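The values are calculated or read from the model by the stated rules, or taken from the named source; none is laboratory data. Only a predicted model underlies this, so the values are computations on that prediction, with no experimental measurement involved. Neighbour counts are summed over all protein chains in view; Cβ atoms, including those assigned to glycine, are modelled from backbone coordinates with ideal geometry.
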Amino acid sequence: MPKRRLKELCINKEWCKGCGICIEFCPKGVLELDTQDKAVPVRNEDCVVCRLCEMLCPDLAIDIVEEEEAE
Amino acid sequence: MPVKDYIRERFFPHIWCSGCGHGTVLNVLIRVIERLGLNKSDIVIVSGIGCSSRIAGYLDFHTMHTLHGRALAFATGIKLNRPELNVIVPMGDGDALAIGGNHFIHAARRNIDITAIVMNNRIYGMTGGQYSPLSGYGIFASTAPYSSVDQSFDVAELAAAAGATFVARSTTYHVNEAAQMIQKAILHKGFSVVEIMSQCPTYFGRKNRQGDAVDMLKYMRDTTTPIGSGAKGQNPELIERGVFVNKELPEYCSAYDEVIRHAMEGR
Ligand SMILES: Cc1ncc(C[n+]2csc(CCOP(=O)(O)OP(=O)(O)O)c2C)c(N)n1
Ligand code: SF4
Ligand code: SF4
Ligand code: SF4
């Protein structure tokens, strides 16, 4: 199976309440809290598209967009 | 469909506190409904009153936000009248098992095809942190400042004893497992109960010195184990997660239809 690749990791800053759940439980440490206590992706290249952050987020603030598989 | 197609976006950001597990239950439920490919207008969400019960307002299906503890009574009426619809009843632990305890056991006993999701944060969140029948011995609450002397129900054991034909438990830490349990429960024909252990950092977490939402999720990770695991043998205190009951019995609406057919025969 080809490696899954991240196209975009969108955080809805209006909805994020800075609980830190995505940051703590991302297996690859992709996210951090910014100075306004909002989650931001900082190491997109390490993301394995497991979508754990997307489903754990209590505020529905994370949207993971996967790269379409190459032909 | 993207998540936004399943919610009433005008009510977001939602009212729940930062890190509230109820938001994760909402998130998981949406993913399950997306996976099952259910038509939005074939789903009815019926809730009572509580922080948890607010979930009905956020979902863009048929929804009813009813009375504290009475959601299953309303849901029973809807299901009997429109058995082709998927009726899902998310409830708080107080809503389901304090004021609503009688509705809960009798819905289970009848085996009506409804999916009950108990969002168990072991406290009354909405009204300021009073203890619930699921708080348990030794737990601190605004009504138990010296700790509770009440024992708690085990939701899964209670539901099974009352006759529910599908009973499962997971947590807001184990989101993929929780999704599987809710998916099986929705597909099950009969009364299904899924307990999702959830965190209320604002009251339960603070009063019981369990820390913030992240700490509470770690706590659920470390104090639960899959049914029948070796870890349970070593540490009987661990709470089991998984499917406890999955059996077939006549479903209430179908049985009722049979009676009507039978009664009409000689006419
Ligand atoms: C008949 C009635 N009694 C009491 C209340 C007050 N009340 C509102 S929510 C609630 C309990 C909420 O706790 P729970 O059901 O566990 O949900 P949570 O808020 O923790 O999600 C109570 C007692 C009410 N609204 N109606
Ligand atoms: S889990 Fe959601 S709300 Fe919490 S910090 Fe991450 S994006 Fe923000
Ligand atoms: S999808 Fe998985 S690896 Fe990627 S940021 Fe989310 S949790 Fe981390
Ligand atoms: S009071 Fe507790 S249950 Fe209610 S929204 Fe806040 S964290 Fe959630």
Yes/no for A:ILE23 being farther than 13 Å from A:ASP63 by Cα and surrounded by 14 or more Cβ atoms within 10 Å (Cβ to Cβ): yes
Kindly indicate whether B:ILE78 is hydrophobic (A, V, I, L, M, F, W, C), in a loop (DSSP other than H, G, I, E, B) and either surrounded by fewer than 24 Cβ atoms within 10 Å (Cβ to Cβ) or modelled with pLDDT under 95 (or both). no
Determine which single condition B:GLY57 fails, assuming it passes every other condition in (1) more than 11 Å from chain A (Cβ to nearest Cβ); (2) farther than 19 Å from B:ILE186 by Cβ; (3) under 13 Å from the mean Cα position of the chain (by Cα). (3)
Looking for something closer than 20 Å to B:LEU217 by Cβ, assigned to a loop (DSSP other than H, G, I, E, B) and within 16 Å of ligand 4 (Cβ to nearest atom) - is there at least one such residue anywhere in the range A:22-40? no
Quick one: how many residues across the range B:25-48 are assigned to a strand (DSSP E or B) and of a type in the set (A, V, I, L, M, F, W, C)? 4
Out of (1) among the hydrophobic types (A, V, I, L, M, F, W, C); (2) farther than 25 Å from B:LEU80 by Cα; (3) in contact with a strand residue (DSSP E or B) (Cβ under 6 Å, 6 or more places away or on another chain), what's the single condition that is false for B:ILE117? (2)
When the range B:27-49 is checked residue by residue, the ones that are under 20 Å from B:GLY92 (Cα atoms) and within 7 Å of chain A (Cβ to nearest Cβ) are B:ASN27, B:VAL28
Write out, first by first residue and then by second, each pair whose Cβ atoms fall under 8 Å of each other, whose residues are 6+ apart or on separate chains, and whose first residue, in the range B:204-218, is within 14 Å of chain A (Cβ to nearest Cβ) while the second is among the β-branched types (Val, Ile, Thr) and part of a loop (DSSP other than H, G, I, E, B). B:LEU217/B:THR172
Going through B:LYS189, B:LYS184, B:LYS247 one at a time, which residue ends up being of a type in the set (D, E, K, R), surrounded by fewer than 21 Cβ atoms within 10 Å (Cβ to Cβ) and closer than 23 Å to B:ASN27 by Cβ? B:LYS184
Scanning the range A:27-53 for residues that are on the phi < 0 side of the Ramachandran plot and either within 12 Å of another protein chain (Cβ to nearest Cβ) or within 16 Å of ligand 1 (Cβ to nearest atom) (or both) gives A:LEU33, A:LYS38, A:ALA39, A:CYS50, A:LEU52, A:CYS53
